[in-house]
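Every number here is computed from the coordinates shown, using simple stated rules; none is lab data. Note that the structure is predicted; figures quoted are calculated from it, not measured. Every residue, glycine among them, receives a Cβ derived from its backbone with ideal geometry; neighbour counts consider all protein chains shown.
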Amino acid sequence: MRKTNLIGIALILFFALFSAQLVYGQMQMRNMKMGSHHKMMMKKLNLTEKQQATIEKLMISHQKQMVDLKADLEKRKLDLQELKLNTGYTRDEFLAKIGAINEAKNKIALAMANHKMDIYELLTVDQKKIFNEMGNMMENKMEMRKHEKMPRDF
């Protein structure tokens, strides 16, 4: 009886550790893919050292800007949640909060587009072709993922 209990406990522990390892591995792969895309693009573009240094500075600046913009978006979402806690909000108040959220999303989209163009303008004609091809591939992948996440029942 004790042997079967010990074997059962050992199997449960084994499967728990195995599952945790798989989840951790998936998280590592997701993070690695994000960074590896950047490295792969830099390698394929065959950038000069000056271009690489400039792009790295642009990327850091962009990341700092995105932190602020995303924080602003989250605050606006919290403002909407706070409004919903009140039972007497008006249509205008609700639509104003939605408009503020959309405005924050538009700022993020514009910042991303400006960042992309800042990099694009540094490239040679041949590098621009590669940049556009790789960008199209990434946009297609992101679009497919977006559709996968959409709820099936409307």
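Which pairs do you get when a residue that is under 17 Å from Ile108 (Cβ atoms), found in segment 69-89, comes within reach of a residue that is surrounded by 14 or more Cβ atoms within 10 Å (Cβ to Cβ) and not hydrophobic (A, V, I, L, M, F, W, C), reach meaning Cβ atoms under 6 angstrom, with the pair 6+ apart or on two chains?
Leu69/Lys107; Asp79/Lys97; Leu80/Lys97
Out of Met66, Met42, report the one residue that is farther than 18 Å from Asn106 by Cα, within 22 Å of the chain's Cα centre (by Cα) and in contact (Cβ under 8 Å) with a residue 12 or more places away in the chain.
Met42
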